[in-house]
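Below: the structure, in structure tokens.
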């Protein structure tokens, strides 16, 4: 909100002189009226600053929302990467099991050849093979169980990290909301204070103008009836807004 008031002082002085004022009286009234209009221009400039501050707060809120979207994207990317790693581990395990099966089959074939060549050692070799197979099965089961535990640990840690991030985001949002509310209350308080100060200034200026006009009329009475000073004495301040400080006239 900006702009300036255009006021043709020369033309106004001419009109006052044409209605019976002296040139000095007319210039005094024009000067006082110009000061009042200048005060109005400053008020408009202050309101423009308040509007600019509100726009800045809106931009801050948009930035926070954009940051939250980026964090959600990172969480999803991390989950996808962990899923890929799990699939890679599964693939490697399957490949290792196949290789192990191939080795077992090769060992069996070799053992069969040895059994044919060494009939005397058939029973001992069978017992040893059975023992080795049991140990191998135990190792495989132990490996599977360990992998399952590791996967569960990774899932638990991931869930915990996600909950921590969510809690931090909620806390940050609450802090931002609190700062926005505090700023809004401060702006409202500043606006109410500016209104009261403006009313004080306008009332004081009006009294000074009326007093000046009354004084001018006393020493330089115009051709029409004198200014009614009773209206000046009966002026009352406007009723203050609820919660606003009381307005007192300058002495």
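State the number of residues belonging to the range 180-227 that are within 37 Å of the chain's Cα centre (by Cα), more than 19 Å from residue 49 (Cβ to Cβ) and either surrounded by fewer than 12 Cβ atoms within 10 Å (Cβ to Cβ) or modelled with pLDDT under 90 (or both).
Keep residues of the range 180-227 that are within 37 Å of the chain's Cα centre (by Cα), which gives 180-201.
Still in the running and more than 19 Å from residue 49 (Cβ to Cβ): 181, 199-200.
Checking the rest, the ones that are also either surrounded by fewer than 12 Cβ atoms within 10 Å (Cβ to Cβ) or modelled with pLDDT under 90 (or both) come to 181, 200.
Summing the residues that are within 37 Å of the chain's Cα centre (by Cα), more than 19 Å from residue 49 (Cβ to Cβ) and either surrounded by fewer than 12 Cβ atoms within 10 Å (Cβ to Cβ) or modelled with pLDDT under 90 (or both) in the range 180-227 gives 2.
Can we say residue 111 is without any contact (Cβ under 8 Å) to a residue 24 or more places away in the chain, surrounded by 12 or more Cβ atoms within 10 Å (Cβ to Cβ) and over 29 Å from residue 184 (Cα atoms)? Spelling it out, residue 111 is indeed without any contact (Cβ under 8 Å) to a residue 24 or more places away in the chain, surrounded by 12 or more Cβ atoms within 10 Å (Cβ to Cβ) and over 29 Å from residue 184 (Cα atoms). Against the test of being closer than 21 Å to residue 84 by Cα, part of a helix (DSSP H, G or I) and free of Cβ contacts under 8 Å to residues at least 24 places away in the same chain, the options 175, 146, 128, 99 yield a single qualifying residue, 146. The lone criterion from (1) more than 43 Å from the chain's Cα centre (by Cα); (2) modelled with pLDDT of 65 or more left unmet by residue 155 is number (1). Listed conditions (1) loosely packed, with under 12 Cβ neighbours inside 10 Å; (2) modelled with pLDDT of 85 or more are all met by residue 8, apart from (2). Is it the case that residue 203 is in a helix (DSSP H, G or I) and closer than 30 Å to residue 71 by Cα? Taking the combined requirement at face value, the residue does not satisfy it. Take the conditions (1) at pLDDT below 85; (2) in a helix (DSSP H, G or I); (3) surrounded by 13 or more Cβ atoms within 10 Å (Cβ to Cβ); residue 21 misses just one of them, which is (2).
Within the range 34-87, how many residues turn out to be over 21 Å from the mean Cα position of the chain (by Cα) and in contact (Cβ under 8 Å) with a residue 40 or more places away in the chain?
From the range 34-87, those over 21 Å from the mean Cα position of the chain (by Cα) are 34-48, 75-87; that's our starting set.
Within this subset, residues satisfying the condition of being in contact (Cβ under 8 Å) with a residue 40 or more places away in the chain are 35-36, 39, 43-48, 75, 78-79, 82, 86.
Final tally of qualifying residues: 14.
The values are calculated or read from the model by the stated rules, or taken from the named source; none is laboratory data. What you see is a predicted model; the values in this text were computed from it and never measured. Cβ sites come from the backbone with ideal geometry, for glycine too, and all protein chains shown count toward neighbours.
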